[in-house]
Amino acid sequence: MAAAAHGHTTAAWTGVVISFVGFGIAGVAMILPSPLLVIAGLAVVVVGGIVGKAMSMAGMGRQASTNVYKSVEEQTAARKAALEARATVAA
């Protein structure tokens, strides 16, 4: 997943931070006890998911990888081309 930049985007980080704040609010509200604040914290969690998805749809999410091949034949051809390129550089 790391090769595909899974979660390493502005949209992902923003959604997670907003949701984390919401969980914090809800957690503190459970200790107080304040049912309305728990609901407000959980609403912030939902808003975090919505904001993250909206940012992703706006182009701040994962970009399509240029290293994705459509077939085994294309993967084999790409590996062969990479090996040939290494051989020419080494020579």
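Nothing in this text is a laboratory measurement; each read-out follows from the coordinates by a stated rule. Quick caveat, the model's predicted, so the values are computed rather than measured. FYI the Cβ positions are ideal-geometry reconstructions off the backbone, even for glycines, and counts take in every protein chain you see.
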Highest-first arrangement of 26-35, 77-86, where packing means the average Cβ count within 10 Å:
26-35, 77-86
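Given the range 1-62, report the % of alpha carbon pairs whose separation exceeds 17 Å.
Numbers: 857 of 1891 pairs.
Result: 45 percent of Cα pairs exceed 17 Å.
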